[in-house]
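Single-structure report; data block below.
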Amino acid sequence: MRYPQRGGLTAERRPFREGVRLQAAEIFSAGDDSAVVAKQLRVSVRSVQRWRRAWQDGGDDVLRSKGSAARRKLTAGAIRSRRSEPWSGTRRLWPAG
């Protein structure tokens, strides 16, 4: 398996993972079967099937990395503004009265 349990899920490994998907796209254009691609790239057949479907719908650009899937961290200004009103989010939850 190319991405073992949470392995490679860092920003440093993102270009590597993108490269694997783009290698798969080159092999797709040659017409090889998903099982052959999976074995050659050392990934699961299911991943190859997802990549192939995306590639057929949108080409190589669809297989490129879109950046981190994690939510962006708060800026220092956003943290300060939230600290100034610590209960603003919960006030809306309770009915007035």
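The values are calculated or read from the model by the stated rules, or taken from the named source; none is laboratory data. Since the structure is predicted, the reported quantities are computational estimates derived from the model, not experimental observations. We place every Cβ from the backbone using ideal geometry, glycine too, and count neighbours over all the protein chains shown.
Checking segment 14-29 against the condition returns no match, with no residue being part of a helix (DSSP H, G or I), at pLDDT 75 or above, surrounded by 13 or more Cβ atoms within 10 Å (Cβ to Cβ) and among the hydroxyl-bearing types (S, T, Y). With (1) exposed (fewer than 10 other Cβ atoms within 10 Å of the Cβ); (2) at pLDDT 80 or above; (3) within 24 Å of A11 (Cβ to Cβ) as the list, and K73 as the residue in question, which single condition is left unmet? Against the list (1) exposed (fewer than 10 other Cβ atoms within 10 Å of the Cβ); (2) at pLDDT 80 or above; (3) within 24 Å of A11 (Cβ to Cβ), K73 comes up short only on (2). Taken over segment 44-56, the criterion of being within 16 Å of the chain's Cα centre (by Cα) and hydrophobic (A, V, I, L, M, F, W, C) is satisfied by V48, W51, A54, W55. Of G67, G59, all but one fail to be on the phi > 0 side of the Ramachandran plot and either more than 19 Å from the chain's Cα centre (by Cα) or surrounded by 10 or more Cβ atoms within 10 Å (Cβ to Cβ) (or both); the exception is G59. Output the residues belonging to segment 33-51 that are outside any helix (DSSP H, G or I) and surrounded by fewer than 17 Cβ atoms within 10 Å (Cβ to Cβ). Result: D33, R42, S44.
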